[in-house]
Amino acid sequence: MDRLIMHVDMDAFFASVEQLDHKEYRGKPLIVGGIGGRGVVSTCSYEARKFGVHSAMPTAKAMKLCPQGIFIRGNYPRYSEVSQQIFDIFDRYSPLIEPLSIDEAFLDISGMEHLMEGPLQYAMKLKQEIKEKTGIVASVGIAPNKFLAKIASDLDKPDGLVVVDRDKVQEFLDPLPVRRIWGVGAKTAMVMDRLRIRTIADLRKMTYEELHKTFGDKTASHLFMLAQGKDERPVAPRGRAKSIGNEVTFGEDLQTAEDALQVLLELSVKVGWRLRKAGFKAKTVQLKLRTRDFTTYTRQKQLCEASNFDNDIYTAIKELFKHLNITNNIRLLGVSTTGFGEMEAVSLFHDEKKDKLYQAIDDINNKFGKLGVTRGSLLKK
């Protein structure tokens, strides 16, 4: 049976939820993310994007580009609430759903012709139900595979709907810039530019041997297949999480250990909160660090006792960072946890006072936003 895949992506999700909840933000350039010199933009409204603001940009740079913008911290419990409503809607449209993030997913709608007039009408119905029940606008792409569906959903944002016909795949792909292909980042794009490969059509004209000579076996195979619109990966519903983490890529490299530790502390707090929300404790903590030249380092540490306490996570991460001894030209930092156990598994060393403290903090944050209560060192002057 031929596959038919739908990719659904909420438009400027965090900013859209804030504009839904706050009339005073509507129609204005809204930037959601970290506030202060070391903050990073999580997302922004389309009004802000007109000024060149985008996600993962340092907040300080966003303020220069858009001084009239409204800058706020995110209300992550609220975003999770709306996300759950959206995924509940997805459940009625497909039995196979693969979440990619809080605001996007793949839906396998293969063989469901008896439930729809056609794919276009099915997608329109889904978009309408999301808008009516949550107030959020979604963009949708439908195609024979995941790669094509994801590109399609991004082509006509906001409020987009693009269907890629099975017999018009190359007609759809060929004019697009080569950067549309997964895995083609700045470094690969520079190499391709030197080879005068600017569009997917240019890439498709390359032989596998030519690509292998330049990029090696794994990357050559990846580029060769996707340039022809081929992607055999199935939609894979996810069960219990194998890891919980957060990472951030910086628009401008970090140059001091102090800046890096500040970011790692903030990431540790977010990961601790996500662990407690999921009802897990982690036994292993991992640091990820990428430098300017795209060299990536990962280091991990086993905790003496499985934990979801922010301080336990940060203490381990700080130790890993100091042992790594890289303090400048830092492009990316990440904190993740694995080796989960249920919160109910109480050991001889269980700290009930800490449990009650973090429960109180989480209750306040759930009511007033993610940073209703936070560490003093995370507050921006």
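Derivation of every value follows stated rules applied to the coordinates shown; laboratory data play no part. All values derive from a computational prediction rather than experimental measurement. Every residue, glycine among them, receives a Cβ derived from its backbone with ideal geometry; neighbour counts consider all protein chains shown.
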Worksheet item: If the cut-off is 20 Å between C-alpha atoms, which aspartates and glutamates fall inside it for Lys28, apart from same-chain ones fewer than 8 positions away?
Response: Asp11, Glu18, Glu47, Asp159
Worksheet item: Which part of region 130-154 falls in the paramagnetic zone of Leu96, meaning amide N under 14 Å from the point 7 Å along Cα-to-beta-carbon?
Response: 143-147
Worksheet item: Any idea what the dipole of the chain comes to, in debye rounded to 20, about its Cα centre with Lys/Arg Cβ at +1 and Asp/Glu Cβ at -1?
Response: 1160
Item to complete: Round to the nearest 0.05 the FRET efficiency obtained for Ile326 and Met116 when R0 = 41 Å and r is the Cβ-Cβ distance.
Response: 0.20
Response to the item:
Here, Glu319 and Lys187, labelled 7 Å along Cα→Cβ, have an inter-label distance in nm of 3.1
Worksheet item: Amide H neighbours of Thr199 under 5 Å, counting only residues 5+ apart in sequence or on other chains, H built in-plane at 1.01 Å?
Response: Val178
Item to complete: Run the quick spin-label model on His54 and Asn246: label points 7 Å from Cα toward the beta carbon, then report their separation in nm to one decimal.
Response: 2.3
Fill in: GluC sites (Glu not before Pro) within region 184-270, DSSP loop, no more than 12 other Cβ atoms inside 10 Å
Glu232
Discussion item. For the ranges 280-290, 188-198, what's the packing order if you count other beta-carbon atoms within 10 Å of each residue, average per peptide, and put the highest first?
Written reply: 280-290, 188-198
Discussion item. 5 Å is the cut-off here: which amide hydrogens, built 1.01 Å from N in the peptide plane, fall below it relative to Gly160, excluding neighbours closer than 5 in sequence?
Written reply: Ser139, Val140
Worksheet item: Counting each DSSP H run of 4 or more residues in the chain as -39500 (n - 2.57), what helix-only mean residue ellipticity at 222 nm follows after dividing by all residues, to the nearest 500 deg cm²/dmol?
Response: -12000 deg cm²/dmol
Worksheet item: Long-range amide H contacts for Ala105: which residues qualify at under 5 Å (H placed 1.01 Å from N, peptide plane, sequence gap of 5 or more or a different chain)?
Response: Val8, Leu100
Worksheet item: Quick one: which of Lys131/Lys270; Lys23/Lys157; Lys270/Lys301; Lys125/Lys157 span more than 24 angstrom between C-alpha atoms?
Response: Lys131/Lys270
Worksheet item: Based on the alpha-carbon gyration tensor of region 139-265 and its eigenvalue square roots a ≥ b ≥ c, which shape applies: rounded if a/c is under 1.5, prolate if not and a/b is larger than b/c, or oblate?
Response: oblate
Response to the item:
So, over other residues within a Cβ distance under 10 Å of Pro58, counting Lys, Arg +1 and Asp, Glu -1, the net charge is +2
Worksheet entry | Ordering of 76-88, 165-177, 40-52 by burial proxy (mean other Cβ atoms within 10 Å per residue, highest first) | 40-52, 76-88, 165-177
